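One structure is given below, encoded as structure tokens.
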Amino acid sequence: MKVTGYRSVTTDHDWGRRIGDANGVMPDASTEVQVLILETDGGLEGIGLGAHGDIDRVFGAVEGRDPRAVVALYDRMLDRVFKTGHSGAVFGAIGAVDMALWDLKAKMAGEPLWRMLGAADRFVPGYASGLDIALDDDALVRLYQCFAERGFGAGKLKGGRSLDRDLRRLQAMREVLGRNSAHPAVMLDANESWTRSQAVRYVTAIERVVDLAWVEEPVRRWDAAGLASVRTGIRAAVATGENLTGLEQYRPLLDADAIDIVQVGNVWGITHFLRVAAVAHAHDLPVSPVAYHANPLAHAAAAMPNHLAFEVQDLSSPTGLEVDQEYLDGGIVLGDEPGLGIQVNEKHITAARAATSPAGAVGPHIRPTRAGLRLVPDSPRDQTADR
């Protein structure tokens, strides 16, 4: 069987709420989800998720190839762009193709990917993460009550702009999740919005009231010295890695002993996760994937001895995607469908597709002008300038 072509499908995920972080909030409750479908001469199709606008730069590395050679094909894609670089959108395309190749490989074997990768258990421990900075306090509580009903005893709050607000909301989230644990784990994600001194000052103030399991992306993703400085100045663990595009980008952070929780973005593919997880394991560090629609990395996480917890951002799936998994007992229960267990109903997506894209010139994907430069974190003028 050989890879012969691909097609791209764009669908939407209706969150039922506006989502965002310290950098901004999406304008609508619906966001785009990009789906890659790899075609083969045998009729099987592989599914990959995530933005892949630069796919034409790397597709030639896999075209006409046997998808079972997925690890070798991953390196062929990297080799194809080694002069121009593989970060950003290119790495996203590589990740989507890699995901689809793993899906094909498992489908050819007639097994769910978690089993083919050697996992003994279909259950993947997780934590709730509502991308919740836009919600008022009552809506925040209602959201985490939904997660608590599925057994979650750990949750991550988006914050970093108002200490009083974050303290109030962390305590509210902890109380809700306390129905499932005497000591629920609570985390705070600042999304690179602080300097190192701001991070230490902010987190130590929180720690006088709330015991944080970890603080995520307190400073810029590549700032090894800054992350190490924050790590030595607070009690909470430091987590980062979701935006690192390539194994080599983790090296300076690990060499500087700068992080406690090694994170990996779902959109960067299965092979990247497996390699990062192995490197983290060699440093006796846990690995924790940062979620994306349908949680494709959950299959690989199930097979990793150092997997800590998988981020779960929502309890529903994008329009037209049927995903063979459940949310129970505070985690993800993977199914028995071959491959990633994702079925794409293209006719339904076409019929339901919104006329215009919700993506715009605002939102968490755009770094604010004054990020890391706010002396008063919740200054009205800064908030106006960010918009």
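Which helices, taking whole DSSP H runs in the chain, have alpha carbons extending 24 angstrom or more along the helix axis plus mean Kyte-Doolittle at least -0.5? Walk me through the numbers on the way to the answer.
Values: long enough: 89-109 (30 Å, 1.02).
Sorted by number, the helices that extend far enough and score high enough are 89-109.
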query: What accessible area, in Å² to the nearest ten, does a 1.4 Å probe give for Asp41?
result: 100 Å²
Among Arg76, Arg174, Arg196, residue whose mean-square fluctuation peaks in a GNM of the chain (springs only between Cα atoms under 10 Å): Arg76
message: Which residue, Thr245, Val35, Val290, has the largest displacement toward the positive end of the dipole of the chain when charges sit on each Cβ (Lys, Arg +1; Asp, Glu -1)?
response: Thr245
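Determine, for each peptide in 82-90, 307-315, 99-107, the mean count of other beta carbons within 10 angstrom over its residues, then list the peptides with the highest first. Can you show the working numbers first?
Numbers: 82-90: 13.2, 307-315: 22.0, 99-107: 27.8.
Highest mean packing first, the order is 99-107, 307-315, 82-90.
Averaged per residue, what accessible area in Å² does the chain show with a 1.4 Å probe, protein chains only? List each step's numbers first, then the result.
Values: 15850 Å² over 387 residues.
With all protein chains present, the chain gives 41 Å² per residue.
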- line: Highest GNM mean-square fluctuation among Phe59, Phe273, Phe147, for the chain with Cα springs under 10 Å, belongs to Phe59
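Pull out a ≥ b ≥ c, the square roots of the eigenvalues of the alpha-carbon gyration tensor of the range 49-99, then state rounded if a/c is under 1.5, prolate if not and a/b is larger than b/c, and oblate in the remaining case. Numbers along the way, then the final one.
On the way: a/c = 1.80, a/b = 1.29, b/c = 1.39.
Taking the square roots of the gyration eigenvalues as a ≥ b ≥ c, the range 49-99 is oblate.
Could you give the size of the charge dipole of the chain about its Cα centre, using +1 on the Cβ of each K and R and -1 on the Cβ of each D and E, expressed in debye and rounded to the nearest 20?
Values: 40 positive and 51 negative charges, 176 e Å.
My answer is approximately 840 debye.
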message: Quick check: from the Cα gyration tensor, does the range 111-247 come out rounded (a/c under 1.5), prolate or oblate?
response: oblate
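Would you list Ser317, Ser162, Ser129 from the most to the least accessible area, probe 1.4 Å?
Values: Ser317 60, Ser162 30, Ser129 0 Å².
Largest accessible area first, the residues go Ser317, Ser162, Ser129.
Could you tell me the number of lysine pairs in the chain with C-alpha atoms less than 26 Å from each other, where the two lysines are 8 or more residues apart or belong to different chains? Write down the numbers at each step before the final one.
On the way: Lys2/Lys105; Lys2/Lys107; Lys2/Lys347; Lys105/Lys347; Lys107/Lys347.
Lysine pairs satisfying the spacing and distance rule in the chain number 5.
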statement: Under a 1.4 Å probe, counting only protein heavy atoms, Thr204 has an accessible area in Å², nearest 10, of 40 Å²
field: Size of charge dipole - the range 86-131 - debye, nearest 20, with Cβ of Lys, Arg +1 and Asp, Glu -1, no other charges
entry: 80 debye
statement: With every protein chain in place, the accessible area of Ser197 for a 1.4 Å probe, in Å² rounded to the nearest 10, comes to 90 Å²
message: Between Ala303, Ala72, Ala239, where does the largest GNM mean-square fluctuation fall for the chain, given springs only between Cα atoms within less than 10 Å?
response: Ala72
- line: Per-residue ellipticity at 222 nm attributable to helices in the chain (runs of n ≥ 4 DSSP H, -39500 (n - 2.57) apiece, nearest 500 deg cm²/dmol) works out to -9500 deg cm²/dmol
statement: Of every hundred units of 1.4 Å-probe accessible area on the chain, the number belonging to carbon and sulfur atoms, as a percent, is 49 percent
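The values are calculated or read from the model by the stated rules, or taken from the named source; none is laboratory data. In this text the structure is predicted, and so the values were computed from the model without any measurement. Positions of Cβ are backbone-derived with ideal geometry, glycine not excepted, and every protein chain shown enters the neighbour counts. Heads up: the accessible areas ignore ligands, DNA and RNA and are worked out on the full protein's heavy atoms, side chains in. Shrake-Rupley method; radii C 1.70, N 1.55, O 1.52, S 1.80 Å.
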